[in-house]
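Shown next, in structure tokens, is the structure this report addresses.
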Amino acid sequence: MKFNLPHTIKNHLGEELIFHRMEMEDGEEKLIIENFVAPHSRPIMHIHYMQDEALTVLHGKMAYQVGDNEIKTIGVGETAHFKRGTAHRFWNAGEDELNCFGWIRPANNIIFYLTALYNAMNESGTEKPAQFDGAYLLYRYRREHDMPELPKFVKSFVIPATYTIGKLTGRYKKFENAPPPVG
């Protein structure tokens, strides 16, 4: 599934993400991104197993956490780096909209994955994606992305079972052009 760039996604929680363009760096696609985050809005702790990410604050104040490490706060002109395979999260730590500019490398399936995830969150109306869509994304792309705060039982039993039920009942027609998992 190809997306024309720039490509913008928004969720009902106050997050907007713009995928601006691709650049090549050291033989890998580097996706240039920009985000806008409303006050007190935050992505949950997550892992990109195959991608590095960096965000530089253009406006506002960003708090972030890597794994169980202490929470750090940065301001305009400062950058947070998240290495592949490390659990991380960030959020708007101020009262104004947070605006960051950065990159994800290599791009892999991130545009599809985050677009589908935001759509599923918007569909559910909560901070969790719609049940079957969430199971599809978390199971199919489990070697690329993870949400470490989900209980092990949910990841090892509930998500695979929900994915299988969704597949058997034809709920994934909208994903028939989804890119194959990497790795």
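The values are calculated or read from the model by the stated rules, or taken from the named source; none is laboratory data. Keep in mind that what you see is a predicted model, and the values were worked out from it rather than measured. Heads up, the Cβs are rebuilt from the backbone with ideal geometry, glycines too, and the neighbour counts pull from every protein chain shown.
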Report task. Could you grab the pairs with beta carbons closer than 7 Å, sequence gap of 6+ or different chains, first residue in the range 110-129 and within 20 Å of LEU31 (Cα to Cα), second one surrounded by fewer than 19 Cβ atoms within 10 Å (Cβ to Cβ) and modelled with pLDDT under 95? Result -> ILE111/PHE3; PHE112/MET1
Requested in this report: Find the strands (runs of 3 or more DSSP E) located wholly in the range 2-74 whose residues include 1 or more that are more than 17 Å from the chain's Cα centre (by Cα) and free of Cβ contacts under 8 Å to residues at least 40 places away in the same chain, and list them.
Outcome: 15-25, 72-74
Report task. Of the numbered conditions (1) out of contact with any strand residue (DSSP E or B) (no Cβ under 6 Å at 6 or more places or on another chain); (2) surrounded by 15 or more Cβ atoms within 10 Å (Cβ to Cβ); (3) at pLDDT below 95, MET45 fails exactly one; give the number of that condition. Result -> (1)
Query - Any hit, the range 151-166, residues being surrounded by fewer than 18 Cβ atoms within 10 Å (Cβ to Cβ) and not in a helix (DSSP H, G or I) - result: yes
Report summary line: GLY170 vs (1) at pLDDT 95 or above; (2) assigned to a loop (DSSP other than H, G, I, E, B); (3) surrounded by 18 or more Cβ atoms within 10 Å (Cβ to Cβ): all pass except (3)
Query raised in the report: Quick check: anything in the range 57-72 modelled with pLDDT of 95 or more, within 20 Å of TYR141 (Cα to Cα) and outside the structural domain of TYR141 (by TED's automatic domain parsing)?
Result: no
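Quick one: which residue in GLY125, GLY77 is within 24 Å of PHE36 (Cβ to Cβ) and not assigned by TED's automatic domain parsing to the domain that holds HIS59? Spell out how you get there, then give the answer.
On the way: GLY77 fails: not assigned by TED's automatic domain parsing to the domain that holds HIS59.
Only one candidate qualifies: GLY125.
Filter the range 114-139 down to the residues that are in contact with a helix residue (DSSP H, G or I) (Cβ under 8 Å, 6 or more places away or on another chain), buried (at least 20 other Cβ atoms within 10 Å of the Cβ) and part of a helix (DSSP H, G or I) and list them by number. Give the derivation first.
Initial filter on the range 114-139 (in contact with a helix residue (DSSP H, G or I) (Cβ under 8 Å, 6 or more places away or on another chain)): 116-117, 119-120, 123-124, 127-139.
Add one more test, that the residue is buried (at least 20 other Cβ atoms within 10 Å of the Cβ), and what stays is 116-117, 120, 129, 133-138.
Of everything in the range 114-139, those that are in contact with a helix residue (DSSP H, G or I) (Cβ under 8 Å, 6 or more places away or on another chain), buried (at least 20 other Cβ atoms within 10 Å of the Cβ) and part of a helix (DSSP H, G or I) turn out to be ALA116, LEU117, ALA120, ASP133, GLY134, ALA135, TYR136, LEU137, LEU138.
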